[in-house]
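Student: Shown below is the structure under consideration.
The values are calculated or read from the model by the stated rules, or taken from the named source; none is laboratory data. Keep in mind that what you see is a predicted model, and the values were worked out from it rather than measured. So basically every Cβ, Gly included, is an ideal-geometry build from the backbone, and we count neighbours across all protein chains shown.
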Amino acid sequence: MEVWKNFRKKIIYFRYRKMFGGSKDFYSDTLFPMHWTLVDEEKKFGNLTCKKAVTDFKNQHMVVWYCPDIPIPDGPWKLGGLPGLIVCWEQPEDKALVLVNMQAQQFPHNLLTQVQKLEATKIPDYLKYRKDLAQLVHKYELFKREQMGNCVSCASVPGTKIISKDVFNNSYEGIKYEFTH
């Protein structure tokens with residue numbers, strides 16, 4: 001996934017480079033619209049003492065650990081808005097995302113130009129992303145059924161055996177599609 005964040009405008013630009021062969025198109029969404037509940041619990045990640053926060057956002061319950069000693073209100077993907085850097089995001093249906101290393105980087109001289117080009121482009125919103133994703137999944141489902149010699153309506157025909165089941169799960173977005181053929 002590629003993510004660009006505009007903190008002043010509170011907008012995120014994202015694209016999934018490996019989803020169904022990759023996408024060259026960016027989509028946009030609001031940045032940090034979640035309403036966190038701070039939990040009185042601490043956990044160590046290396047030498048960082050972190051605090052727990054939870055929220056319900058985009059069809060999923062999220063648990064994160066943030067470090068108030070690093071006063072950057074950001075984190076992976078669309079997550080942020082806490083009084084410290086999010087160093088761990090526990091995902092119930094996937095592996096947790098954990099910050100392993102952080103180091104200073106040279107600011108790329110062409111980054112500002114790239115951001116200006118991106119922001120000058122008409123970028124579709126999150127609803128368009130969901131529609132496009134649903135269409136891609138539907139096309140894939142039809143392709144798989146055709147490839148396996150199983151028509152779209154066959155699953156409803158008595159006596160038809162289901163050959164396999166495909167699951168598309170985007171845990172970042174809380175989206176899950178299942179279909180059989």
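Student: Are there any pairs with C-beta distances below 7 angstrom linking a residue in segment 16-37 that is buried (at least 18 other Cβ atoms within 10 Å of the Cβ) and assigned to a loop (DSSP other than H, G, I, E, B) to a residue that is polar (S, T, N, Q) and at pLDDT 80 or above, with the two at least 6 apart or on different chains, and if so which?
Tutor: Qualifying pairs under 7 Å: Met34/Thr55; Trp36/Thr55.
Student: Among the numbered criteria (1) surrounded by 12 or more Cβ atoms within 10 Å (Cβ to Cβ); (2) at pLDDT 80 or above, which one does Cys151 miss?
Tutor: (2)
Student: Given the residues Lys95, Lys117, Lys144, Lys122, which is the only one that is out of contact with any Leu (no Cβ under 9 Å at 6 or more places or on another chain), assigned to a loop (DSSP other than H, G, I, E, B), at pLDDT 70 or above and basic (Lys, Arg)?
Tutor: Values: Lys95 fails: at pLDDT 70 or above; Lys117 fails: assigned to a loop (DSSP other than H, G, I, E, B); Lys144 fails: assigned to a loop (DSSP other than H, G, I, E, B).
Matching residue, one of Lys95, Lys117, Lys144, Lys122: Lys122.
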